[in-house]
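These notes are about the structure you will find just below.
Just so it is clear, none of the values below were taken in a lab; they were calculated from the coordinates. On a predicted model such as this, the values are computed, not experimentally measured, just so you know. Cβ: placed from backbone, ideal geometry, glycine included. Neighbour counts: every protein chain shown.
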Amino acid sequence: MAVDALDAKILRLLLEQPRTSVREYARVLGVARGTLQARLDRLEREGVITGTGPRLSAAALGHPVLAFVHIEVTQGHLDTVAEALADVPEIIEAFSITGGGDLMARVVARDAGHLEDVIQVLVQTPGVVRTRTEMVLRERVPYRVLPLVDAVGRAARRGT
């Protein structure tokens, strides 16, 4: 789906001012409310906007330890293992990957001992061959998409 310059402006506003009303977004952008709503509906329908809920801090929820766990899976068991990962609340994301492993999970924990407990659950999951864990020391670039939205908007204005 092509994102044009107006879409990029809408996305920027959503990221910068997530609690503002559609009417206010339309006023700020100088477009009709119906136009803005149609754009938002299309961006949601086409999967550009994937959610509107708050981002929560796992650390503030008592899970300050963050680790990436690479999981090697027995051939033919990828889907089964992925389904089992979804049952572990400390796994906040998991991806199929290439390279050193088959899956990579983003795992949060209360402390190092709790992380070890979570890894033991993973190791005991049928179809898991082995894991490799990398603990995060410090977040250097927080999750963000605003710079990407800006780059897409600039490209749309240039027509590229």
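Annotations
- Simple label model, 7 Å out from Cα along Cβ direction - Leu148 to Ala59, nm: 2.2
- Solution diffusion estimate, µm²/s, Stokes-Einstein, the stretch 65-135, Kirkwood Rh from C-alpha pairs, 10 °C, viscosity 1.306 mPa s: 135
- Qualifying trypsin sites (Lys or Arg not before Pro) in the stretch 52-122, where qualification requires a DSSP coil assignment and no more than 16 other C-beta atoms within 10 Å, comprise Arg55, Arg110.
- Shape class for the stretch 1-76, computed from the alpha carbon gyration tensor (a ≥ b ≥ c): oblate, with a/c not under 1.5 and a/b at or below b/c.
- Screening the chain for whole DSSP H helices of 15 Å or more along their axis (Cα) with average Kyte-Doolittle hydropathy at least -1.0 returns 5-16, 112-123, 146-158.
- Potential lengthening between Glu72 and Thr20 on full extension [0.36 nm per residue; Cα-Cα distance subtracted]: 14.3 nm
- Cα-centre dipole for the stretch 35-111 with unit charges at Cβ (Lys and Arg positive, Asp and Glu negative), debye to 20: 420
- Prolate is the label for the chain, because a/c, from the alpha-carbon gyration tensor with a ≥ b ≥ c as root eigenvalues, is 1.5 or above and a/b exceeds b/c.
- Using only side-chain charges placed at the Cβ, +1 for Lys and Arg and -1 for Asp and Glu, the dipole size of the stretch 114-157 relative to its Cα centre rounds to 340 debye.
- Estimated from helical segments only, the mean residue ellipticity of the chain at 222 nm is -12500 deg cm²/dmol, where each DSSP H run of four or more residues counts as -39500 (n - 2.57).
- Put a plus charge on the Cβ of each Lys and Arg, a minus charge on the Cβ of each Asp and Glu, and nothing anywhere else: the dipole of the chain about its Cα centre is then about 1160 debye.
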